[in-house]
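Engineer: Questions regarding the structure given below will be posed in turn.
The values are calculated or read from the model by the stated rules, or taken from the named source; none is laboratory data. Because the structure is a prediction, the values reported are computed rather than measured. Every residue, glycine among them, receives a Cβ derived from its backbone with ideal geometry; neighbour counts consider all protein chains shown. Please note that ligands, DNA and RNA were not included when accessible areas were found on the heavy atoms of the full protein model with its side chains. Shrake-Rupley method; radii C 1.70, N 1.55, O 1.52, S 1.80 Å.
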Amino acid sequence: MHRISTKEKAIILAKELTRGIERLQLPYSMMNEALTLAQEIIAKKLGRKFSPKAFAASILYIACKEQGYPILFKEVCYAMGLNKKEIKRTLLVYSTIVQKFRKTSKPSVNKYVERLVELLGLNERVKEKAIEIVEEAKNRGLVAGRNPVSIAAAAVYYASKKLRVAITQKEIAAKAFITEATLRNRYKELKQLLGDLELHKHKFRESEILLKKTN
């Protein structure tokens, strides 16, 4: 059985990264970020046991997130043509790299909203409304500790319903790579939270009107 040399692995890695970047229409600066990360990992002798495809997908995903680009994990995997078995392997590689190197990634929920709106072909009004919903949810403590992608997806769905834009939970969940059940749960939480807030504001306005009348 032919054993892949270090040089061959480097060539495969570059090809896989190029494929992912082109299919995802990412800036080519991501290539430099990913290769720099790869060199750091290889220098620590960690990358040798990873398959080139899983390694490429993992470092591209990390590079995007470190640059604040709201890419989705499965979005990267599918763009690079990985099957289910390879996606599981890639997730393990990604988890190992994050654990060993303590790489952090912080795209904001707002960035994920913008990404989903773009992927779904929705208008600016939906994006603005969804971001408004997310900001209110942040102020009320709903966002902390939750998956930012699921919160973004729920906010986009909530905003769409508010603005009467026709889109289904299935369509949004598919683009966000989450289950419809997860989307429904986050949506219910947002609806309850913001519904209570709107009710409070309504009662406050009624009290102000009554006070003015009394005076």
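Engineer: Based on what the data block shows, is residue 20 open to solvent by 20 Å² or more (accessible area, probe 1.4 Å), small (Gly, Ala, Ser) and closer than 21 Å to residue 119 by Cβ?
Structural biologist: Details: open to solvent by 20 Å² or more (accessible area, probe 1.4 Å): no; small (Gly, Ala, Ser): yes; closer than 21 Å to residue 119 by Cβ: yes.
Taking the combined requirement at face value, the residue does not satisfy it.
Engineer: Does residue 156 satisfy the condition of being at negative phi and at pLDDT 95 or above?
Structural biologist: Numbers: at negative phi: yes; at pLDDT 95 or above: yes.
Judged against the criteria, residue 156 is a match.
Engineer: Let me ask something additional. Looking at region 127-146 only, could you name the residues that are at pLDDT 85 or above and of a type in the set (Gly, Ala, Ser)?
Structural biologist: Just the residues of region 127-146 that are at pLDDT 85 or above, to begin with: 127-139.
Those that are at pLDDT 85 or above and of a type in the set (Gly, Ala, Ser): 130, 137.
Engineer: Moving on. Which of the following residues is within 20 Å of residue 71 (Cβ to Cβ) and not acidic (Asp, Glu): 144, 137, 181, 173?
Structural biologist: Working: 144 fails: within 20 Å of residue 71 (Cβ to Cβ); 137 fails: within 20 Å of residue 71 (Cβ to Cβ); 181 fails: within 20 Å of residue 71 (Cβ to Cβ).
Going through 144, 137, 181, 173 in turn, just one is within 20 Å of residue 71 (Cβ to Cβ) and not acidic (Asp, Glu): 173.
Engineer: Please enumerate the residues belonging to region 49-88 that are in contact with a Leu (Cβ under 7 Å, 6 or more places away or on another chain) and closer than 12 Å to residue 16 by Cα.
Structural biologist: 52, 53, 55, 56, 57, 59, 60, 76, 79
Engineer: Could I ask something else about it? Filtering region 24-65 down to residues that are closer than 19 Å to residue 86 by Cα and more than 23 Å from the chain's Cα centre (by Cα), which residue is surrounded by the fewest Cβ atoms within 10 Å (Cβ to Cβ)?
Structural biologist: Within region 24-65, the match that is surrounded by the fewest Cβ atoms within 10 Å (Cβ to Cβ) is 49.
Engineer: Filter region 67-83 down to the residues that are in a loop (DSSP other than H, G, I, E, B) and within 19 Å of residue 32 (Cα to Cα) and list them by number.
Structural biologist: Pass one, region 67-83, residues in a loop (DSSP other than H, G, I, E, B): 67-72, 80-83.
Matches in region 67-83: 67, 68, 69, 70, 71, 80.
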